[in-house]
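Worksheet: the structure to be examined is printed underneath.
The values are calculated or read from the model by the stated rules, or taken from the named source; none is laboratory data. Given the structure is predicted, the values throughout are model-derived calculations rather than measurements. Heads up, the Cβs are rebuilt from the backbone with ideal geometry, glycines too, and the neighbour counts pull from every protein chain shown. Side chains included, ligands, DNA and RNA excluded: accessible areas come from the protein's heavy atoms. Shrake-Rupley method; radii C 1.70, N 1.55, O 1.52, S 1.80 Å.
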Amino acid sequence: MSDGLEDVVAAHTVMSEVDGQRGVLIIRGHSLDELAGRARFEDLASLLFSGFFDDLPSDLTAALGAARVEVFSEVAGLDTGLLDRSPIEAMRALTARLADGDDLATALRLLAAPAVFTAAVVRGQAGEAPVPPDASLPHAADILRMLRGKPATQAQIDALDTYLVTVSDHGLNASTFAARVIASTRAGLTSAVLGGISALRGPLHGGAPGPVIEMLDEIGQPANARAWIESALARGDRLMGFGHRVYRVRDPRADALKTAVRKMSEGSNVRPGRVAFAEAVEAAALAILKEHKPDRALDTNVEFYTALLLEALDFPPAAFTCVFAMGRVAGWIAHAREQVAGGRLIRPQSIYVGPQPRQAA
Ligand code: SDX
């Protein structure tokens, strides 16, 4: 049996294909290039949900806006105890207040929840009052407005839409697999999403982008990159933003997100020289990983340029994983519905390696 179920097929899905050898991501028959920077998050969610909800509207914008307003009432539960926790723990706790169910109304509330709750948690932790949603706005625009309390520029909205679309679904990654296992017991969509959030927060999965900023800030300038990276690897640390269980070449999402960062243009949102500095650190990391692990293809994954994009959109690094959940929640819901539509209870075998009972005297 391969550790971590590497290369084990656990489901057949129409949601997405991750080709690790060619570095290709296909979502419901569309290549990433067709979607990133072109589709809004609402369009992508509709694409993922199509065929799995009978009453799915052709345009989710209005229904998702109404769902943001509906879940905002749960923000009243954001007390000082929750504000003392990490953003993703507080967001998860508020999401847990939503009723379970398998219908579109439940799905829309869950699609809205990470966005509404993260904005309220980030503002609350900064001592600011939450900003109620504006149902008339597209999702990405309202997320940035709820976070900052003022309208975002179109370039910022486009960058967030690109990010949410790019990370919305990615085969049977750990958090999506967790969501499918929970859905397979018929527990309901809220339970499946809570499992996805919990799996996502781990640093080996969705918890990586925040530490990428810490790495860049500790390195400080390109001349320090080699020494910092060498000492990290000598400690047995993993370089956040590099390596992947499936991709043996560059993660195609890395360049989709780097392009989105560049489009935001330096000076207005992106710190001058930040992209060039990140590229220098990336080049050093790839060279050193090749020296240290010559027989393991370790390339840049989605998280490296995620960090620069979310930093440029004024999300605090501690909330980066929450923003990942804002996009991936569409995939968790779609996979959960697909599992219920055609799958059985997920229950693999295990090999017992513990002691046998003592023989009766
Ligand atoms: C995501 O599955 C998905 O699709 C996930 C994701 C999605 O969209 O859902 O793509 C999102 O989770 C991206 C990955 C984000 N995580 C990180 O950036 C954290 C750093 N990356 C590593 O922890 C690691 O690359 C993993 C966890 C992502 C993948 O690890 P694997 O496939 O389990 O590989 P491994 O841990 O067995 O490592 C194999 C070798 C090891 O060397 P040895 O101990 O055998 O000598 O490669 C080394 C590792 O030490 N290695 C790294 C490394 N990644 C692997 N060494 C240094 N830095 C790294 N980043």
- Message: Taking θ = phi - 60°, what integer Hz values does the Karplus form 6.51 cos²θ - 1.76 cosθ + 1.60 yield along the range 224-233, in sequence order, with x for Gly and Pro?
- Response: 8, 4, 4, 4, 5, 5, 4, 6, 5, 5
- Message: Give me a comma-separated list of calculated 3J(HN,Hα) values for the range 30-41, in order, Karplus coefficients 6.51, -1.76, 1.60 applied at θ = phi - 60°, integers in Hz, x for any Gly or Pro.
- Response: 10, 6, 4, 4, 6, 9, 5, x, 10, 8, 7, 4
- To the nearest 0.05, what FRET efficiency results for A66 and R38 with a Förster distance of 22 Å applied to their C-beta separation? 0.30
- Item | 1.4 Å probe accessible area per residue over the chain, in Å² | 44 Å²
- Which cross-chain or sequence-distant (5 or more) residues have an amide H under 5 Å from the amide H of V24, H modelled 1.01 Å from N in plane? D19
- Query: Which value, in Å to one decimal place, does the Kirkwood hydrodynamic radius take for the chain when every pair of different Cα atoms is included?
  - Reply: 21.1 Å
- Item | Charge sum, other residues only, whose C-beta stays under 12 Å from A39's C-beta, Lys/Arg counted +1 and Asp/Glu -1 | -3
- the range 209-312 shape via C-alpha gyration tensor axes, a/c threshold 1.5: oblate
- Query: Label-point separation (nm) for A227 and T80, each offset 7 Å from Cα along Cα-to-Cβ?
  - Reply: 4.4 nm
- Relative contact order of the range 209-312: what whole-number percent is it, with Cα pairs under 8 angstrom and at least 6 residues apart? 46 percent
- Solvent-accessible area, 1.4 Å probe, carbon plus sulfur percent, for the chain: 53 percent
- Message: Taking the alpha-carbon distance from K263 and a cut-off under 23 Å, which lysines remain once sequence neighbours fewer than 8 residues away in the same chain are dropped?
- Response: K150
